[in-house]
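Let me begin by presenting the structure, written as structure tokens, before commenting on it.
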Amino acid sequence: MKTLRVSLINAGRPSFTSPAVSPPLGLLYLAAYARKHVQADFQVIDQRGLDLPLEDVIRQIRDFSPDIIGIRCLTANAGMARKLTEALRTELSGIMVVAGGPHASSMGGKLLEDMPIDVAVPGEGEVPFTSILQAVHSGSDLSHIPGIW
């Protein structure tokens with residue numbers, strides 16, 4: 001069976017109002033958990049920690065050629081995450097985009113209206129995101145996965 005390719009992005013850039021940067025531990029936990037359950041290769045891009053311009057993030061994702069893209073979104077960086085998802089839709093159409101993190105938890109299903117994403121994962125994401133990967137890997141739909149929008 002084909003190995004899935006998954007890009008995980010810590011979206012946003014440091015700013016005057018949100019200057020703190022920490023390692024994307026949540027994305028690393030997500031990848032570590034999913035690796036135990038799904039045959040997948042992961043790319044983790046810390047846009048916020050490395051202060052990467054949007055063009056660099058898109059280039060790295062394009063070079064990796066993922067099947068699924070996961071984006072961690074903080075509410076303070078929701079505008080930048082929206083720009084990222086819009087660019088992904090333009091540059092890499094046809095790839096499933098999943099958003100999680102604090103902003104997905106606070107917005108829930110409304111996030112699907114605010115950003116061009118396919119799925120929002122509120123709360124702890126290890127189990128639902130792994131279920132999404134398993135569904136994509138097996139070619140099934142996502143309707144059986146609880147707790148996602």
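Kindly provide the Kirkwood hydrodynamic radius of the chain in Å, to one decimal, from all pairs of distinct alpha carbon atoms. Walk me through the numbers on the way to the answer.
Numbers: mean 1/r = 0.0659 Å⁻¹.
When all Cα pairs of the chain are included, the Kirkwood radius is 15.2 Å.
Under a cut-off of 28 Å between alpha-carbon atoms, report the lysines in cross-link reach of K36, not counting same-chain residues fewer than 8 places apart.
The reachable lysines, counting only those whose Cα sits under 28 Å from K36, are K2.
With a point put 7 Å past each Cα toward its Cβ, work out how far S65 is from A32 in nm, to one decimal.
With each label placed 7 Å out from Cα toward Cβ, I get 3.0 nm.
I need E126, E113 ordered by Cβ neighbour count within 10 Å, fewest first.
Values: E126 17, E113 9.
With the sparsest Cβ surroundings first, the list reads E113, E126.
In segment 42-105, how does Rg compare with the Kirkwood Rh, expressed as the Rg/Rh ratio over alpha carbon atoms? It would help to have the intermediate numbers written out before the result.
Working: Rg = 11.0 Å, Rh = 12.0 Å.
My calculation puts Rg/Rh at 0.92.
Which semi-axes, in whole Å and largest first, does the equivalent ellipsoid of segment 1-51 have when worked out from the alpha carbon gyration tensor as the square roots of 5 times its eigenvalues?
That gives 27, 10, 6 Å for the three semi-axes.
222 nm [θ] for the chain, helices only, -39500 (n - 2.57) per DSSP H run of 4+, per residue, to 500?
On the way: 7 runs with 63 residues, N = 149.
-12000 deg cm²/dmol, from helical runs alone.
Go through segment 47-54 residue by residue and turn each phi into a ³J(HN,Hα) via Karplus (6.51, -1.76, 1.60, θ = phi - 60°); whole Hz please, and just put x for glycine and proline.
Those phi angles translate into 4, 5, x, 9, 6, 7, x, 3 Hz.
Quick check on packing: order 84-93, 3-12, 102-111 by the mean number of other C-beta atoms within 10 Å, highest mean leading. Mind dumping the intermediate values first?
Working: 84-93: 16.1, 3-12: 23.1, 102-111: 18.0.
Highest mean packing first, the order is 3-12, 102-111, 84-93.
The numbers here are math on the coordinates, done by the rules we state, and not lab data. These numbers were taken from a predicted model, which means no experiment stands behind them. Here Cβ is always computed from backbone atoms with ideal geometry, including for glycine, and neighbour counts include all displayed protein chains.
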